[in-house]
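Input: a single structure, listed below in structure tokens.
No value in this document is a laboratory result; all are computed from the given coordinates. In this text, all values refer to a predicted model and were calculated from it rather than measured experimentally. Here the Cβ positions follow ideal geometry from the backbone for every residue, glycine too, while neighbour counts run over all protein chains shown.
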Amino acid sequence: MKRKKLIMVGFLLSIILNLYLLQQLNNSKEESRLAQFKKIQNGVSYSYNFGEILQSKYNEISLKEKAEYLTAMSWSLQLSNHLLEIIEPKDERYRELAKLFDIYSHISSSNDLGALISKNDVSDEEVLELLNIWLSDMKYLDEKLDYVQLANMNYTQLEGFWKTLLHNLDYDDEALNKYKQTF
């Protein structure tokens, strides 16, 4: 009898220990996931900060330095985009966010701000106006995107949030306009 009770107690302790370790593993995964989302948010913040520096120093720096700032802005958003694809590759909520970051990361491409900076017939005011619009959108996204909240939303809730979010973005880009129409 004592042996059966001892085996039963050992078995129960084993189950309790396994449940505790499983919970710790889940907590660790959640903490790791939140740390990854913090890196994504940092990418958006870095991109915005590089843009602010470019805007403040625009008339003082060379064309090469302007291109370097545009590249840093773009790469910061691309990093956030790739991290989203790694963290949740099959989750539609994050795929939509990655598409949005991808659109904004093309600031240095041939048809956006990068092309305007290199053209001689475009005034600095026009470039700075476009940069200001881009920066206001980045600041808005940086302030409004709460990755913990996004992780807890279902797709229907996210779609409503997305419509509100997209409505307040002012950057005029063909890809962004097509993206907005999908919601």
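Data table
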| read-out | value |
| --- | --- |
| Links that overshoot a 22 Å alpha carbon limit, given the list 38/144; 139/180; 66/178; 39/66 | 66/178; 39/66 |
| Residues in the range 125-145 reached by a label modelled at residue 164 [backbone nitrogen below 17 Å; 7 Å Cα→Cβ] | 140-145 |
